[in-house]
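Take a look at the structure below.
Every read-out reported here was derived from the displayed coordinates using simple, explicitly stated rules and does not represent laboratory data. The shown structure was predicted, so the numbers you read here are calculated from the model rather than taken from an experiment. Here Cβ is always computed from backbone atoms with ideal geometry, including for glycine, and neighbour counts include all displayed protein chains.
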Amino acid sequence: MNFEYLKQTDKEIYDLILLELKRQKQSINLIPSENYTSKSVLEAISSILNDKYSEGYPYKRYYGGNLYVDELEVLCQKRALNIFNLNPDEYNVNVQPYSGTPANLAVYTGLLNIGDTILSLKLSHGGHLSHGDSVNLSGKLFNFIHYEVDQKTGLINYENIEELAKNYKPKLIISGFTAYPRIIDFKKISQIAKSVEAISMADISHIIGLIIGGAHPSPFPFCDIVTTTTHKTLRGPRGALIFYKKEFGEKINKAVFPGMQGGPHENIIAGIAVALKEAQSKNFKNYAKQIILNSKTLAKLLIDNDIKLVSGGTDNHLILLDLRKFGPGRGYFIEKALETADIIVNKNSVPGDTFPPYYPSGIRIGTPAITTRGMKEKEMIKISEWLTKIIKKFAINDMPDDKEKRQIIIKEFNEKIKEDEFLNKIRKEVNDFALQFPLPGLN
Ligand SMILES: Cc1ncc(COP(=O)(O)O)c(C=O)c1O
C-alpha cells in the first residue's frame, strides 16, 4: 500500500498517515490491546465493500445488490464458529457489531430490561468501561453490581462473585476483563451464573487470540454469550463478534440491527474473515505461545529489577505494574516519560487505587504487538532494562491531590522531559532497535 492517489489528492492527510507510520515503525508498542494486522486484512478493509449498504442479515436485506455481501457475511460467520469448533446447531454468531462497546450494549439491551441487575468486575480492578462503569451508557441503563479482585493477591475472588450473585440475583454475570494478568475460570463463573439462573457472558476481547492458539482456556461451552473485539490478539480490523447460544439468537440479532446500528461495515466483516483464516494456521498457535513466553519473561525481569506487579506476575499477554511504592498517582508521569523515549504504554489503575483513572498509580503493558513484529525472549531483556531505568528515574515525581497544583506540575513535567538528555539517548537506542522488526502490514 503506497497511498499514491492520496498523496496527490489530500497531502495533509497523507502526511499525517506517513508520520503515524514512522512513529509505529520506530517505537516499541507495549499497549496490550493493540496489534498490527496483515497486509491481507488491510487490503480487505480498504476494498470497495466499504461502499455497499446492507442493512439486515444475509438473504434478508433492506437494500438490493447484496448477492456477494451475503456470501461474505455467511463465510465470516462460518469461520468464526469453526475456529472455536462450535456446533452451528448450538451456537451462532453475529459479525456486525461496530466495536466491543456497542457489542456489549447490544447484549444487555437485547436480553434484559432497562434497570435489570448485572454483575461484573469493577473498572478500577480490571473491568471494562462497557461492563457498567457509571460514565458509560451501560452503567446508566442497568443496575451494575461490581465484584473485585482480592487486594492482597490481585486475583479474582470467586467466593465474592458467588456471594454477590446470591444476594443480588443478577440477570447476567460478566467474566472477561481488560486489565487482568491471570487465567480466568470461565467454567466456575458460568456455574455460579447457572446457580442463580443468570445468563453467563464472557467478554474475551483481550484474550481471543490466546484462546484460539490454545494458550488460555476457552469460555465455550460454558458461557451462554461470548463477546469479543477483533482488533486485539486476533490481529483483525476494529470490530466485534457476539457468539450466542441459539435460544438467544433473535433477541441478539434484533438488538444489533435495528436496535443499536444501521448498515453493517462489510469491508470490516471481510477483514475479520481474513483474520479468522489467518488465525487457523499453525503459525498463529506459535504466535499465541510466544506472546505468553515474552510476557512471562518480561514480568520476571521486571520483578528481578524490583518492580512490583499486580498478582506478582502474569499468565497471559498482560502485565500490570503497581507503582504505589513510589507514591500514588505516578502512572501519568511514567507513561509520558516512556513515550518520550518511544516506548508506548498506558497508565492504568491498580486494585484499590486512591487516584482517579486519568492519574492512576499503575502502568499496563503487554506483548501481543511486539510479538507480531517478531520479538522473542532475548528482546525482553533490553525492553525490561529501558522500562526499569525510566520508571526508577521518573516515578519519584510527586503527583499532588489538588487539581490546580496537579495541572502546574504536569505542565512543568511535560516541558522538562522534552529536553531530557537521558530520555533522548534511550529514544535513539529504541528507534534503532525497533526498526530491526518490520511491521507486517505497511512497509
Ligand atoms: C474487555 C474489553 N471489552 C470491550 C472493549 C471495548 O472495545 P472497543 O474499544 O472496541 O469499544 C475492550 C477494549 O479495550 C475491552 O478490553
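In segment 399-437, which GluC sites (Glu not before Pro) fall in coil by DSSP and have 15 or fewer other Cβ atoms within 10 Å?
For GluC sites (Glu not before Pro) across segment 399-437 that sit outside H, G, I, E and B with at most 15 neighbouring Cβ atoms in 10 Å, the list reads 419.
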Under 18 Å Cα-Cα from residue 416, which aspartates and glutamates qualify once same-chain neighbours fewer than 8 residues away are excluded? 335, 339, 342, 398
Using only helices, what value at 222 nm comes out for the chain when you add -39,500 (n - 2.57) per DSSP H run of length 4 or more and divide by the total residues, to the nearest 500 deg cm²/dmol? -13500 deg cm²/dmol
Could you give the nm distance between label points at residue 411 and residue 74, where each point is 7 Å from its Cα heading toward the beta carbon? 6.3 nm
Once a ≥ b ≥ c are taken as the square roots of the eigenvalues of the Cα gyration tensor of segment 308-443, is the result rounded (a/c under 1.5), prolate (a/b larger than b/c) or oblate (a/b not larger than b/c)? oblate
Using 0.36 nm per residue of separation minus the Cα-Cα distance, give me the extension gain between residue 293 and residue 21 in nm, one decimal. 95.2 nm
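Please report 345, 135 as a ranked list, fewest other C-beta atoms within 10 angstrom at the top and most at the bottom.
Going from sparsest to densest Cβ surroundings: 135, 345.
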For the chain: relative contact order, % (alpha-carbon pairs under 8 angstrom, 6 or more apart): 22 percent
Return the percentage of antiparallel bridges among DSSP beta bridges fully within the chain, rounded to the nearest 5 %. 55 percent
For segment 44-278 the mean separation of alpha carbon contacts under 8 Å (6+ apart) over residue count, i.e. relative contact order in percent, is 28 percent
The simple spin-label model distance between residue 8 and residue 376, using points 7 Å out along Cα→Cβ, in nm, is 4.5 nm
Hey, if you drop one equal point scatterer on each alpha-carbon of the chain and run the Debye formula without solvent, what base-10 log of I(q)/I(0) do you get at q = 0.13 Å⁻¹? -1.24
How about segment 280-371: which chymotrypsin sites (Phe, Trp or Tyr not before Pro) there are in a DSSP loop, with at most 11 other Cβ atoms within 10 Å of their Cβ? 358
Might you report the magnitude of the Cβ-based charge dipole of segment 73-141 about its Cα centre, with Lys and Arg at +1 and Asp and Glu at -1, to the nearest 20 debye? 180 debye
